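The values are calculated or read from the model by the stated rules, or taken from the named source; none is laboratory data. Here the structure is a predicted model, which means the values were calculated and not measured. Cβ placement follows ideal geometry from the backbone for every residue including glycine, while neighbour counts extend to all protein chains displayed. SASA here: full protein model, heavy atoms, side chains in, ligands and nucleic acids out. Shrake-Rupley method; radii C 1.70, N 1.55, O 1.52, S 1.80 Å.
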Amino acid sequence: MTRKDVLVPEQELQRQREIRREIARRMALLPRQPLAFVDTYGCQQNEADSEQIRGMLAEMGYGFTEDENEADVIVINTCAVREHAEMRALGNVGALTHTKRRNPDQIICLCGCAMQEPHMSKKIRQSFRHVDLVFGTHVLYRFSELLAQVLDKKKRVFETPDSQGVIAEGLPVARKGKLKAWVSIMYGCNNFCTYCIVPYVRGRERSRDPEKILAEVRELVAEGYKDITLLGQNVNSYGKDLGLDMDFADLLAKVNEIPGDFLVRFMTSHPKDASQKLFETMARCEKVAPQLHLPVQCGNDRVLKAMNRHYDRATYLDEIRRLRALIPDIVLTSDIIVGFPGETTEEFEDTLSLLEEVGYDALFTFIYSPREGTPGAKMPDPMSREEKNRNFQRLVALQNRISAEKHAAYVGKTLRVLVDGKNDDGKHTLTARTDGGRLVHLDGDESLVGSWQRARITGSSNWALFGELV
Ligand code: SAH
Ligand code: SF4
Ligand code: F3S
C-alpha cells in the first residue's frame, strides 16, 4: 500500500461534505428537527468512530436522542471481538422490529466490525429485513452518501467492501464529554494473534500524519479537554508505515510539548514492541499519565506461542521490571484470555503466578470465544466449558485480592485527582480519577467537575478508592 492509496483524496472528502450539506438543507424543511440515536459496542476505537458518525449526523441536521422510539435514524456500531458482544448487538437490532412497526419511516443502520464479517452481513440481509443500511469499517467516511441512497431510493443498501483500509482526515467529530477525548493515531492491525478477529475486520496498520494528530490534540487542549487518550490496536507500531523517522515514543514526546494543562494516555501497547525508549519517554514526559495497559493474555510460553504473541513470559516480566525501575508508581493493567484452545489447567496456573508476580492494579478478563476465520477457531479445544469457567473464577478471585491490596496501599495518601463527574452511587457526590486512572469517590460541589483537586484517600475496595477533598 502506498500512502496515496491509504489517504482518502481531499476531492472525495469534499464530495461527502457536499452530500451532508444537501441533506441538511432537506432536513431544515421538515416540521421538526429529525433525531438520531447512535448505539456503540466494543472498544474505544468504536467509540471514536461513533463520535465521527454523530459528527456527520449533526452536519446533516440531525439532533440526538437516547430513545429508540423517537429516533428517525438509528445507528448500531457493532463489535466482533467475542460472540457475546456480537449477540448483544444483534439482540438489540432484533428488538428494533417493534420501533420500526410503530414508525415505518425509521431508518435502521448497522456498521462496525461485525458488519465487516461476510457471514454477519449475509445474516442481516436474509434475516433482519427491517435493517435499511449496512456499512463496513472501511467506508465509514461515506456514511452520508449511503444514508442519502436510503433516503432517496427507499431501498436497502449494503456496502461492506473488503479493503486494506484507508485514512479519512477531517471528518466532523461530536464528542460525548468536555473533559476526556479519544484521538485515533493509527488504524488496523498486522499482528494476527490466532484468537483475534480484529485484523480481518479493521485492515492493515496505517498511521495518521503526525501533524494531523498534533493539530487535533492542540485543538482539544484549547477547548479545555484535560484527559486525552491516543488510540490504536498497537500504538507501538505507530509510524512504521510513514517513513518519517518518527516512532510512537517520538509522537508522545511531541504531544507532551503541547502547552496546556492536560494528561495524555494511550492504548493499546503490544508487549512485543514496547521499547525501552518508550518507557524512558513516559518517565521523562510530565504530561504522560503514569499508567500502562500492557495486555499479556496469558502466562504460559507454549500458549503465548500458540497465540502468536511474539514474546515470552520472561521477556514480558523483564519489561515490567524495567518500567517500574523508571516509574515506580506506574498503574499497570492487562487483558487475560482464559481457555485458549488446548490450554490446560496446569498452563492456566502460569497465568495465576504471573498475576502474583506482576501485581496488576486491574485486569480485563475474558473467556476465549472462537471467531470464524481465525486460526484459533480450527484448533482442537478439548477443555469443557465448566472447567474454563472454574479457571475463570479462580482468576477473578485472585485479581480481586490483588486489586484490593493495591488499592489499600493508597489509604492515607494525598494525591492529585481530576474530578470527572457526578456520582450516582447514592453515597458520594463526585467521581474523580487519579493521574494513573484509578477511580475515586468523594464529596464536593458539582461545580468542581472538570477541575484538578487534591484528595486524601480514606478508604478502598477492590474496584475503587474513597477520599475527601483537601
Ligand atoms: N489490540 C489490543 C486488543 C484488542 S481486543 C491488544 O492487542 O492488546 C481486546 C482484548 O480482547 C484482547 O486483548 C483480548 O484479551 C481479548 N480478545 C480478543 N479476541 C478474543 C477472543 N476471540 N476471545 C476472547 N477474548 C478475546
Ligand atoms: Fe487482536 Fe492481537 Fe491485533 Fe490486538 S494485536 S488487535 S489482540 S490481533
Ligand atoms: Fe470490537 Fe472492533 Fe474494537 S471487534 S474490540 S470494536 S476493533
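So the values come out like this:
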{"quantity": "Ala89, sole failed condition from (1) at pLDDT 95 or above; (2) surrounded by 17 or more Cβ atoms within 10 Å (Cβ to Cβ)", "calculated": "(1)"}
{"quantity": "Out of Glu59, Glu47, sole residue that is charged (D, E, K, R), modelled with pLDDT of 95 or more and in contact with a strand residue (DSSP E or B) (Cβ under 8 Å, 6 or more places away or on another chain)", "calculated": "Glu47"}
{"quantity": "Tally, over the range 216-238, of residues that are among the small types (Gly, Ala, Ser) and surrounded by fewer than 20 Cβ atoms within 10 Å (Cβ to Cβ)", "calculated": "2"}
{"quantity": "Among the residues listed as Phe135, Phe143, the single one being touching a residue at least 60 places away in the same chain (Cβ under 8 Å), buried (at least 22 other Cβ atoms within 10 Å of the Cβ) and assigned by TED's automatic domain parsing to the domain that holds Pro104", "calculated": "Phe143"}
{"quantity": "Residue tally, condition among the aromatic types (Phe, Trp, Tyr) and within 16 Å of ligand 3 (Cβ to nearest atom), over the range 238-272", "calculated": "1"}
{"quantity": "Check on Lys100, open to solvent by 20 Å² or more (accessible area, probe 1.4 Å), part of a helix (DSSP H, G or I), over 30 Å from Glu12 (Cα atoms) and among the charged types (D, E, K, R)", "calculated": "yes"}
{"quantity": "Matching residues, the range 315-369, being away from ligand 2 (no atom under 16 Å from the Cβ) and in a strand (DSSP E or B)", "calculated": "Val331, Leu332, Ala362"}
{"quantity": "Residue satisfying all of: in the range 65-88; out of contact with any helix residue (DSSP H, G or I) (no Cβ under 6 Å at 6 or more places or on another chain) and in contact (Cβ under 8 Å) with a residue 40 or more places away in the chain; farthest from ligand 3 (Cβ to nearest atom) among these", "calculated": "Val73"}
{"quantity": "Hits in the range 108-119 - residues which are surrounded by 19 or more Cβ atoms within 10 Å (Cβ to Cβ) and more than 12 Å from ligand 3 (Cβ to nearest atom)", "calculated": "Ile108, Cys109, Leu110"}
{"quantity": "Of residues in the range 203-215 being open to solvent by 20 Å² or more (accessible area, probe 1.4 Å) and either of a type in the set (Val, Ile, Thr) or over 22 Å from Leu179 (Cα atoms) (or both), the one nearest to ligand 1 (Cβ to nearest atom)", "calculated": "Glu205"}
{"quantity": "Pair list, Cβ under 7 Å, 6 or more apart: the range 286-300 residue farther than 14 Å from Thr365 by Cβ, other residue part of a strand (DSSP E or B) and open to solvent by 20 Å² or more (accessible area, probe 1.4 Å)", "calculated": "Ala289/Arg265; Gln291/Arg265"}
{"quantity": "Single residue of the range 25-56 satisfying the filter (of a type in the set (A, V, I, L, M, F, W, C), under 30 Å from Leu90 (Cα atoms) and assigned to a helix (DSSP H, G or I)) that is farthest from ligand 1 (Cβ to nearest atom)", "calculated": "Met27"}
{"quantity": "Filtered residues of the range 204-223 (kept if within 16 Å of ligand 3 (Cβ to nearest atom) and assigned to a loop (DSSP other than H, G, I, E, B))", "calculated": "Arg204, Glu205"}
{"quantity": "Count of residues meeting criterion [farther than 23 Å from Lys122 by Cβ and in contact (Cβ under 8 Å) with a residue 24 or more places away in the chain] in the range 146-176", "calculated": "13"}
{"quantity": "Leading residue by the ranking (nearest to ligand 3 (Cβ to nearest atom)) among those in the range 16-38 that are among the charged types (D, E, K, R) and open to solvent by 30 Å² or more (accessible area, probe 1.4 Å)", "calculated": "Arg17"}
{"quantity": "Those residues of the range 224-278 which are farther than 19 Å from Glu211 by Cα and assigned to a helix (DSSP H, G or I), in sequence order", "calculated": "Pro271, Lys272, Asp273, Gln276, Lys277, Leu278"}
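Okay, residues lined up against (1) of a type outside the set (Val, Ile, Thr); (2) crowded, with 19+ Cβ neighbours inside 10 Å; (3) not in a strand (DSSP E or B):
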residue: Lys427; (1), (2), (3): yes, no, yes
residue: Thr431; (1), (2), (3): no, yes, no
residue: Gly436; (1), (2), (3): yes, yes, yes
residue: Ser447; (1), (2), (3): yes, no, yes
residue: Gly450; (1), (2), (3): yes, no, yes
residue: Gln453; (1), (2), (3): yes, no, no
residue: Gly459; (1), (2), (3): yes, no, no
residue: Asn462; (1), (2), (3): yes, no, yes
